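Novice: Below is one structure. I have some questions about it.
Any read-out appearing in this document is the output of simple, stated calculations on the displayed coordinates, not a laboratory observation. Keep in mind that what you see is a predicted model, and the values were worked out from it rather than measured. Neighbour counts run over all protein chains shown; Cβ positions are idealised from the backbone, glycine included.
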Amino acid sequence: MTLTDLAVQFYQTDCSGAYAKNDTLQEAVANALSDGDISGVVYCVLKGQIEYDFELERVETLCNELNIPVFRLETDYNQQDVEQLRIRMEAFSEMLRQRQYQRGVAV
């Protein structure tokens with residue numbers, strides 16, 4: 001086995017002590033998506049909670065399979081974030097509304 005083979009094998013598995021695949025979270029997301037009529041997902045990450053940020057890719061993959069858009073909202077509950085988050089949330093909401101109109105299910 002070459003050094004390259006070892007590196008590939010090592011990096012294909014969880015190699016960081018901070019990162020562990022959270023299968024329970026993934027199952028909860030899958031159940032919520034299959035149980036409800038969900039138009040979009042807001043994935044909220046508090047700044048500094050990197051473990052949850054690592055899970056975003058898995059949630060996005062699941063949502064992409066179901067054609068559900070995902071909005072990543074990162075904040076530290078700082079007052080300076082409010083306006084930027086409001087604008088981004090309005091844009092996400094408008095995008096969801098447009099998708100509903102296109103499918104003919106707008107409320």
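Novice: On each of the three principal axes of the Cα atoms of region 19-103, give max minus min coordinate, whole Å, ordered largest first.
Specialist: Projected onto its principal axes, the Cα set of region 19-103 covers 37, 33, 16 Å.
Novice: Can you sort Asp53, Asp35 so the residue with the fewest Cβ neighbours within 10 Å comes first?
Specialist: In increasing order of surrounding Cβ atoms, one gets Asp35, Asp53.
Novice: For Arg72, which sequence-distant residues (separation of 5 or more, or a different chain) have an amide H within less than 5 Å of its own amide H, given hydrogens modelled in the peptide plane?
Specialist: Tyr43
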